[in-house]
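K.L.:
Provided herewith is a single structure, encoded as structure tokens, for subsequent inquiry.
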Amino acid sequence: MNTKKDFLPSKRSLIEKFLVMDVLNEASNLEHSGKEIFHLELGEPINFIPKKLTERLNQFNFSKIPGYTPSNGMRELREKLETYYLKKNIKVNADDIFITVGSSGAFLLTFLTCFDPGNRVAIFSPTYPAYKNILSSVNIEVIEIHSKNKLFIDLDEIKNFKKIDGLIISSPNNPNGQIFDEKELKFIYEFCLKNNIRLISDEIYHGISFDKQTFSMREFGREVVVINSFSKFFCMPGWRLGWVIVPKKLVENFLRLSQNLFISCGSIAQKLAIDSLDCVEEYKKITEIYKKNKDLVLDMLGKTSWNRFTRADGSFYTYIDISKYTTDSKKLVKKVLNECGVALTPGIDFDAKNGNSTLRLSFSSNHDYLTNGMKKLTKWINQNY
């Protein structure tokens, strides 16, 4: 007698959840039931579209929507990005640029191109959780590098991890807003070069910096994969468009994977991205709003007992130490959401070792909305701690 086989999910699919999306789902359910919720959990930029882009949208003949594009992206967009970097005195070649389905597509293509199953790739914690989760899904071992101070990353810790195949670094960092200076980044580049470590630099928050300058890893040499996106500085998260600059020797393999996994990116999004690169000065004004938001958040939090947090050199997050009050950041986030109506992100999303005593707060919303949300949050903190 034949027994029916149960088709179970693959082991590679048993990765950790992206917890901020769980928070969003729970917050949305509460909103649906009629409760007012302030979303300070998501890293979603202000809803802003420059006039040039709205005009381009209005000009589209949607009966003649462009079809497939080359798998590495429209030539015009890649050449526009080449010019974008040249204005920063960084020389890149359009042939080494790939347009991707968001930065997520760039990470997947990069990991598959650069590493084999069983390779060891290091990440500095706290950091963006999708690095670890995507790497795990393709059977790459993740090495988490922790610093003595749970809120900040100490790049010198890499000296203890020479036997790795790859390293991912992000500056400005998510979740703590930390920006590494020129000397620190040059040290990382040269360390990886000396020890034959494939370096991947996540630069999606470039352009969103306040009192400290950002540097691209391409300023130190070409032996690095640089990933960026139109989602953050360019305020286009829903268009799902990113880009990656790869060393020349990886281009052919990158192209093969891109052709088979994604075929091409959305053509309308690419057309709009071409115009967005002409609107940099307008986007800089949005960064000024984030600076105003940051000052508000740090001032209001500083007057509560939750007064140990990062100053946010860049990105639009502050990372908060709540170790005096909990050892379960998920539980505290749920409590704040239900009692206060403010959604935050548990630190365990970013750091498996120390994240149960930290939270991330996003100040990427418009200023009035953020002000009202912070009033509710700080009132609740003062009443409970």
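The values are calculated or read from the model by the stated rules, or taken from the named source; none is laboratory data. Nothing here was measured: the structure is a model prediction, and the numbers come from that model. No Cβ is skipped: glycine too gets one built from the backbone with ideal geometry, and neighbour counts run over all protein chains shown.
K.L.:
Please go through region 359-385 and pick out each residue that is closer than 28 Å to Asn47 by Cβ and outside any helix (DSSP H, G or I).
P.N.:
Leu359, Arg360, Leu361, Ser362, Phe363, Ser364, Ser365, Asn366
K.L.:
For region 208-307, which fully contained helices (runs of 4 or more DSSP H) count at least 3 residues that are among the basic types (Lys, Arg) and either surrounded by fewer than 23 Cβ atoms within 10 Å (Cβ to Cβ) or not assigned by TED's automatic domain parsing to the domain that holds Glu44 (or both)?
P.N.:
Ranges flagged: 280-302.
K.L.:
So, in region 48-94, how many residues would count as being acidic (Asp, Glu) and either at pLDDT below 95 or buried (at least 16 other Cβ atoms within 10 Å of the Cβ) (or both)?
P.N.:
2
K.L.:
Just to check your reading of the model, which residue among Ile153, Ile134, Ile158, Ile169 is in a loop (DSSP other than H, G, I, E, B) and either crowded, with 18+ Cβ neighbours inside 10 Å or touching a Pro at 6+ places or on another chain (Cβ under 9 Å) (or both)?
P.N.:
Selected residue: Ile153, the only one of Ile153, Ile134, Ile158, Ile169 that is in a loop (DSSP other than H, G, I, E, B) and either crowded, with 18+ Cβ neighbours inside 10 Å or touching a Pro at 6+ places or on another chain (Cβ under 9 Å) (or both).
Matching residues to (1) modelled with pLDDT under 95; (2) over 30 Å from Ile268 (Cα atoms); (3) of a type in the set (A, V, I, L, M); (4) touching an Asp or Glu at 6+ places or on another chain (Cβ under 9 Å):
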position	(1), (2), (3), (4)
Phe98	no, no, no, no
Ile145	no, yes, yes, yes
Leu151	no, yes, yes, yes
Asp154	no, yes, no, no
Asn195	no, yes, no, no
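K.L.:
Being closer than 19 Å to Asp321 by Cβ and of a type in the set (A, V, I, L, M, F, W, C), is that true of even one residue in region 159-166?
P.N.:
Within region 159-166 (the criterion being closer than 19 Å to Asp321 by Cβ and of a type in the set (A, V, I, L, M, F, W, C)), the answer is no, since none of the residues qualifies.
K.L.:
Turning to a different aspect of this structure: Within region 1-47, track down each residue that is over 25 Å from Ile204 (Cβ atoms) and either surrounded by 13 or more Cβ atoms within 10 Å (Cβ to Cβ) or of a type in the set (Phe, Trp, Tyr) (or both).
P.N.:
The answer is Phe7, Glu26, Leu30, Glu31, Ile37.
K.L.:
I need every pair where a residue in region 1-17 that is in the same structural domain as Gly347 (by TED's automatic domain parsing) has its Cβ under 9 Å from the Cβ of a residue that is among the basic types (Lys, Arg) and at pLDDT 80 or above, sequence separation at least 6 or different chains.
P.N.:
Matching pairs, first to second residue: Ile15/Lys132; Glu16/Lys132.
K.L.:
Just to be sure I understand, how many residues within region 341-356 are surrounded by fewer than 23 Cβ atoms within 10 Å (Cβ to Cβ) and part of a helix (DSSP H, G or I)?
P.N.:
2
K.L.:
Something else about it: Give me the residue from region 181-207 that is assigned to a loop (DSSP other than H, G, I, E, B) and either of a type in the set (Val, Ile, Thr) or more than 27 Å from Leu112 (Cβ to Cβ) (or both) and, out of that set, nearest to the chain's Cα centre (by Cα).
P.N.:
Taking the candidates together, the pick is Ile204.
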